[in-house]
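Engineer: Take a look at the following structure, please.
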Amino acid sequence: MAGKFTSSTQAIPNVGDVPRHIAIIMDGNGRWAKQRFMPRVAGHKRGVETVRAMVKACIARGVDYLTLFAFSSENWRRPAEEVSFLMNLFIGALQGEISKLHANGVRLKVIGDLSAFEPRLVALIREGEAKTANNFRLTLTIAANYGGRWDILQAMNQLALAHPEKAGCYGEADLAPHLMMAYAPEPDLFIRTGGEQRISNFLLWQLAYSELHFTDTLWPDFDDAALDAAISSYRRRERRFGRTSEQLGGQALAVSPAPTLTPPVTDQDA
Ligand code: IPE
Ligand code: IPE
Ligand code: MG
């Protein structure tokens, strides 16, 4: 059941200068609007522009996967008007952006429990995914009604149904292909804007060995320079994956290619 990508807790992934996969919690829209005496939703609207800019910026920098947390499974707790504004914004963005994404070679993926969304939105998502399925310049994943715990549980349930005979003996490599983002390597760099230093039930499984970057910049203010600052900070990290600094043999910083694997590492993908 080997997936295309290896788990960072099972083998040492390739580490490059440019993060191959960036995952972002886009936070701070409400505060951005409040600072300007505008309704919270004005911040969400402005946040869509940042999304557009970041897709371009990631393509320009050679990032392969950009994953954005747009709506958490906990965000239903917000006032009904805000939730409904966000849904309409999502619908509008899909309607307006799919062709542009497609023209720019972007593959769109949406992860999360779509069963809670209105059929019109689900249809747009499926259409967008189908239209862009063969693009390979950048994979843009939008996490909508997504929760990290939900993801692990749905994967566990799928696995248990597919292989009841192995109950009690499941391994990481059995579970990983059932996670919503099995098509992508684990994020190298995680960014959260808006000043909070928490994961808020985002990609719990996949962030096991990601480098974390928190910035006070509010999402609508996040720009190319802020992205470059996050990438520079990533480049200065020593990604040890459990090894000692000495074992990295002078390759202390995130440089490509990764050092030769040393046993006992089991590469499930080999
Ligand atoms: C993030 O911005 C967007 C969503 C959660 C949809 P917020 O709306 O959480 O903004 P703040 O945190 O209230 O400023
Ligand atoms: C996390 O932001 C979810 C998204 C950005 C979609 P929140 O603003 O909802 O997170 P908490 O509740 O402050 O942790
Ligand atoms: Mg918030």
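Engineer: Picking from Y234, Y183, Y170, Y209, which residue would you name as being of a type in the set (F, W, Y), open to solvent by 70 Å² or more (accessible area, probe 1.4 Å) and at pLDDT 90 or above?
Structural biologist: Only one candidate passes the filter, namely Y209.
Engineer: Can you name the residue in region 50-98 that is of a type in the set (K, R) and more than 23 Å from M181 (Cα to Cα) and, of all such residues, is nearest to ligand 3 (Cβ to nearest atom)?
Structural biologist: Going through the qualifying residues, I end up with R78.
Engineer: Among the residues of region 21-41, are any away from ligand 3 (no atom under 14 Å from the Cβ) and at pLDDT below 95?
Structural biologist: Within region 21-41 (the criterion being away from ligand 3 (no atom under 14 Å from the Cβ) and at pLDDT below 95), the answer is no, since none of the residues qualifies.
Engineer: Quick check, is A70 open to solvent by 30 Å² or more (accessible area, probe 1.4 Å), within 16 Å of ligand 2 (Cβ to nearest atom), assigned to a strand (DSSP E or B) and in contact (Cβ under 8 Å) with a residue 60 or more places away in the chain?
Structural biologist: When the stated conditions are applied, A70 passes them.
Engineer: Taking the criterion of being crowded, with 19+ Cβ neighbours inside 10 Å, of a type in the set (D, E, K, R) and either closer than 24 Å to Q154 by Cα or modelled with pLDDT of 95 or more (or both), would at least one residue in region 104-117 satisfy it?
Structural biologist: Scanning region 104-117, I find at least one residue that is crowded, with 19+ Cβ neighbours inside 10 Å, of a type in the set (D, E, K, R) and either closer than 24 Å to Q154 by Cα or modelled with pLDDT of 95 or more (or both), so the answer is yes.
Engineer: Please go through region 13-48 and pick out each residue that is in a loop (DSSP other than H, G, I, E, B) and touching a Lys or Arg at 6+ places or on another chain (Cβ under 8 Å).
Structural biologist: Correct list: N14, V15, D17, V18, D27.
Engineer: Go through A176, A133 for me and flag whichever is buried (at least 20 other Cβ atoms within 10 Å of the Cβ) and more than 12 Å from the chain's Cα centre (by Cα).
Structural biologist: One residue alone meets the criteria, A176.
Engineer: Regarding region 5-22, can at least one residue be identified that is within 16 Å of ligand 2 (Cβ to nearest atom) and surrounded by 18 or more Cβ atoms within 10 Å (Cβ to Cβ)?
Structural biologist: Yes, some residue in region 5-22 is within 16 Å of ligand 2 (Cβ to nearest atom) and surrounded by 18 or more Cβ atoms within 10 Å (Cβ to Cβ).
Engineer: Sticking with this one: Only one of (1) surrounded by 15 or more Cβ atoms within 10 Å (Cβ to Cβ); (2) of a type in the set (G, A, S); (3) part of a helix (DSSP H, G or I); (4) within 16 Å of ligand 2 (Cβ to nearest atom) fails for A57. Which number is that?
Structural biologist: (4)
The values are calculated or read from the model by the stated rules, or taken from the named source; none is laboratory data. As the structure is a prediction and not an experimental result, all values here were calculated from the model. When we count neighbours, we look across all protein chains shown, and the Cβ atoms used for this are built from the backbone with ideal geometry, even at glycine. The protein model used for the area step is the full one, side chains on, heavy atoms only, and it has no ligands, DNA or RNA in it. Shrake-Rupley method; radii C 1.70, N 1.55, O 1.52, S 1.80 Å.
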